[in-house]
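Asks: Before I ask anything, let me first share the structure, which is written out below as structure tokens.
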Amino acid sequence: MAGKGGSSGTSSAVSMLYDSGEEVDDGRSGFYGFMYGDPKPGNLLSFNIEDGFLEAFVRGNRTKFLNANDYTNLAVCDSLDDVKMHLAQTEYGDFLANEPSPLATTTIKDKCIEKFVNEFNYIRSNATEPLFTFLDYIRYGYMIDNVILVITGALHQRDTAELLERCHPLGMFRTIGSLTTCRSISELYKHVLVDTPIGPYILQCMSEQDFDPDEQNVEVIRNKLYKAYLEDFNRFCQYLGGATAELMSELLNFEADRRSITITLNSFGTELGKDDRATMYPSLGLLHPAGVIKLARADDAEQVREAVSHILSYRKLFLDIGPGTEKSLEDAFFEYEVELNRSAFDTQMGYALFYAYVKLKEQEIRNVVWVAECVSQGQKSKIHDAVIQIF
Amino acid sequence: MGNFIVTILMESPYLWACTGLALCIGLSVVGSSWGIWTIGTATLGVSIHKGRLETRNLVSILFCEALSIYGIIVSIIMTTKAQTQACWPIAANDYMAGYQMFSAGLITGFCNMLAGFTLGIVGKGIAVSTAAVATLFVKLLIVLIFGEVLGLYGMIVSLIETGNASFTSCA
């Protein structure tokens, strides 16, 4: 199975074996943590020994995010070349310098992602255990998306190079090429199981008979894989303990709840049965288990709103998107996510910072792409609808 | 077992004195180095972005260094006292001198060690937060000064105590 550090317990997705119980002080988080095969992140005194440099590096990136001034400047651009010029004056610099003149928004998006992935790879190349495994866990989410993309493409006989180009660079792994050569469903299943780092997730959620990636079912497969991934990530964070466990459980709970609500809302009007829907809800989050039971029985948006209303923050989100405003639930979720991640970004001595950094950078890329789209379509008044200020 | 310990410990004040000397410089350096590695890794991390500006965090490391200087001052004074000739039978005054040297060393050692931990955590926070908001730096240095003073208190008490300690010379 494609993983690393096989003998110890922290290797990739095999960490389903962790027991997420009480916090035990077994010395793995202290000064001599390196003597164990799988150490934990340090506490207040000893965190800097292993991960201090990277934490300071990431937190020094705070001023590199685009601020309100930059967004105001971008909002008055007339064309994508103006956007390029304004971005060149921020920390983005000359990242678009080598692109031919009629710019497309997809180019801007690809270049932003490339820049972000370079930074992430810098962090990853300097990381030691257990931070390295933690960063890999962040990447598994993108890997799931890539694998689904490649599977659907392979079944429709798409061109390999084109498929791999459309994959997210953060979720690339060495053996993804072998997936494109499969031609039958059972071959695909075996390859995903054996060749990809997310093999254990597919083992957990479905057998070969259930694996049926045609148009409707591919989303079901994606959601089930993501459910297994979130639960595994949560278990790993609980194992790491300390500040990491505390903050990551907050962030992952929101992610799980968001997915539960979105799955429910998207399933209205499709043929997805309620039982099938219930198997896709992750078993973590503030809505688990009480709210999830109500969500599983919901028939329309009003019942969904009722199901989540016992959690104050989600009730506020639904209030914000009343019929008067133009904001959609997705926008409200993005805003709340930025708020959570922003407060996680300022914490010390924990790994939630790295996760928050990835999410905030994603949001910034979404912002820049939205601005570019609005500018290129001449609808500059809509820019401030969806741009969420990060810092 | 208890008899054994009592025998060893009651045997000689010179053991107490030299243990104090070792703890003095040892624990001071533990604290100082702990502070330096905590601040140093953070300084390296933020210096990647703004190189010359962020190397002002070396001032924090200077504060940590001062702690080990306190330790070595007290140690050197203690070594001059510990250059005594050992005699038998041990004079009564020597027992007191031994205990005084031990306590002086322990005081300085622990004060500097814990001050070092403090300076490390605070200095790291300063390095990272001033990377985001530049105007905070000078004001946050005051926290470092207060941390530094904790080590100074230990040194003052130890110096007074070693001043009192004196081994009687052999007849």
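Asks: Identify the GluC sites (Glu not before Pro) of the stretch A:122-223 meeting these criteria: DSSP loop state and at most 13 other C-beta atoms within 10 Å of the C-beta. Please report the intermediate quantities before stating the final value.
Replies: Values: sites: A:GLU162, A:GLU165, A:GLU187, A:GLU208, A:GLU215, A:GLU219; in loops: A:GLU208, A:GLU215.
Within the stretch A:122-223, the qualifying GluC sites (Glu not before Pro) (loop, at most 13 other Cβ atoms within 10 Å) are A:GLU208, A:GLU215.
Asks: For B:MET155, A:MET35, B:MET101, what's the largest-to-smallest order of accessible area, 1.4 Å probe?
Replies: On the way: B:MET155 25, A:MET35 135, B:MET101 0 Å².
So the residues, ranked largest to smallest area, are A:MET35, B:MET155, B:MET101.
Asks: Provide A:ASP299, A:ASP51 ordered by accessible surface of protein heavy atoms (probe 1.4 Å), highest first.
Replies: Values: A:ASP299 95, A:ASP51 5 Å².
Sorted by accessible area, descending: A:ASP299, A:ASP51.
Asks: Further, regarding this structure: Just for the Cα atoms in the protein assembly as shown, what are the lengths along the principal axes, largest first, rounded to whole Å?
Replies: Extents along the principal axes: 104, 56, 47 Å.
Asks: Further question on the same structure: Determine, from the Cβ-Cβ distance of A:GLN216 and B:VAL133 and an R0 of 51 Å, the FRET efficiency 1/(1 + (r/R0)^6), rounded to the nearest 0.05.
Replies: 0.50
Asks: Of the candidates B:PHE110, B:PHE102, B:PHE137, which one comes out as most mobile in a Gaussian network treatment of chain B with C-alpha springs shorter than 10 Å?
Replies: The residue with the greatest mean-square fluctuation here is B:PHE137.
Asks: Same structure again: Using the heavy atoms of the protein chains alone and a 1.4 angstrom probe, what is the accessible area of the protein assembly as shown per residue in square angstrom? Walk me through the numbers on the way to the answer.
Replies: Working: 25990 Å² over 562 residues.
Value for the protein assembly as shown: 46 Å² per residue.
Asks: Still on this structure, please answer the following. In the stretch B:23-57, which residues become less accessible by 50 Å² or more once every protein chain is in place, relative to the chain on its own, using a 1.4 Å probe?
Replies: By number: B:TRP34, B:TRP37, B:THR41, B:ILE48, B:HIS49.
Asks: Just to confirm my understanding: which cysteines in chain B have no other cysteine beta carbon less than 4.7 Å from their beta carbon?
Replies: For chain B, the answer is B:CYS18, B:CYS24, B:CYS64, B:CYS111, because their Cβ atoms have no other cysteine Cβ under 4.7 Å.
Asks: Okay, moving on. Using alpha carbon centroids, what distance separates the stretch B:14-36 and the stretch A:271-311, in Å?
Replies: 61 Å
Asks: What average count of beta carbons from other chains do you get within 10 Å of the Cβ of residues in B:124-131? If you can, show how the numbers build up before the last one.
Replies: Details: counts 8, 1, 0, 4, 10, 4, 1, 7.
Other-chain Cβ atoms within 10 Å of each residue's Cβ, averaged: 4.
Asks: Now for a separate question. Do any residues of the stretch A:49-67 show a loss of at least 40 square angstrom of accessible area between the isolated chain and the full protein assembly, using a 1.4 Å probe, and if so which?
Replies: Those residues are A:PHE53, A:ALA56, A:PHE57, A:ARG59, A:GLY60, A:THR63.
Asks: Right, next: Per-residue ellipticity at 222 nm for the protein assembly as shown, helices alone: DSSP H runs ≥ 4 residues times -39500 (n - 2.57), over residue total, nearest 500 deg cm²/dmol?
Replies: Values: 23 runs with 380 residues, N = 562.
It comes out at -22500 deg cm²/dmol, rounded to the nearest 500.
Asks: Give the accessible area for A:TYR314 in Å² (nearest 10); use a 1.4 Å probe, count only protein heavy atoms, and leave out ligands, DNA and RNA.
Replies: So the heavy atoms of A:TYR314 present about 0 Å² to solvent.
Asks: For A:THR279, A:THR107, A:THR244, what's the largest-to-smallest order of accessible area, 1.4 Å probe? Each step should come with its number before you reach the end.
Replies: Details: A:THR279 65, A:THR107 35, A:THR244 0 Å².
Putting A:THR279, A:THR107, A:THR244 in descending order of accessible area: A:THR279, A:THR107, A:THR244.
Asks: Additional query: Over the alpha-carbon set of the stretch B:1-117, divide Rg by the Kirkwood Rh and report the Rg/Rh ratio to two decimals.
Replies: Working: Rg = 19.4 Å, Rh = 16.1 Å.
Here Rg/Rh amounts to 1.21.
Asks: Here is a further query. At R0 = 41 Å, how high is the FRET efficiency between A:GLU246 and B:TYR99 if r is their beta carbon distance? Nearest 0.05 is fine. If you can, show how the numbers build up before the last one.
Replies: Details: r = 46 Å, r/R0 = 1.13.
Once the sixth-power term is evaluated, E becomes 0.35.
Asks: Counting other Cβ atoms within 10 Å, which chymotrypsin sites (Phe, Trp or Tyr not before Pro) in the stretch A:164-217 have at most 16 and lie in a DSSP loop?
Replies: On the way: sites: A:PHE173, A:TYR189, A:TYR201, A:PHE211; in loops: A:PHE173, A:PHE211.
Within the stretch A:164-217, no chymotrypsin sites (Phe, Trp or Tyr not before Pro) qualify (loop, at most 16 other Cβ atoms within 10 Å).
Asks: So, in Å, what gap is there between the alpha-carbon centers of the stretch B:122-171 and the stretch A:32-62?
Replies: After rounding, the separation between the Cα centres reads 25 Å.
Asks: Then there's this: What's the total accessible area buried between chains A and B, using a 1.4 Å probe, rounded to the nearest 100 Å²?
Replies: 1700 Å²
Asks: A follow-up question, please. Could you pull out the pairs from A:LYS109/A:LYS294; A:LYS109/A:LYS227; A:LYS190/A:LYS274; A:LYS316/B:LYS50; A:LYS40/A:LYS327 whose alpha carbons sit more than 32 Å apart here?
Replies: Checking Cα-Cα distances, A:LYS109/A:LYS294; A:LYS316/B:LYS50; A:LYS40/A:LYS327 exceed 32 Å.
Asks: What FRET efficiency comes out for the pair A:ILE185/A:ARG366, r = Cβ-Cβ distance, R0 = 35 Å, nearest 0.05?
Replies: The calculated FRET efficiency here is 0.55.
Asks: Could I ask something else about it? Tell me the Kirkwood radius of the stretch A:220-265: reciprocal of the mean inverse pair distance over distinct alpha-carbon atoms, in Å.
Replies: Values: mean 1/r = 0.0907 Å⁻¹.
Mean inverse Cα-Cα distance, inverted, gives 11.0 Å.
The values are calculated or read from the model by the stated rules, or taken from the named source; none is laboratory data. Values in this document were obtained by computation on a predicted structure and should not be read as measured data. Cβ atoms come from the backbone with ideal geometry, glycine included; neighbour counts cover every protein chain shown. Ligands, DNA and RNA are stripped out before the accessible areas are found, and what is left, the full protein with its side chains, is counted by its heavy atoms. Shrake-Rupley method; radii C 1.70, N 1.55, O 1.52, S 1.80 Å.
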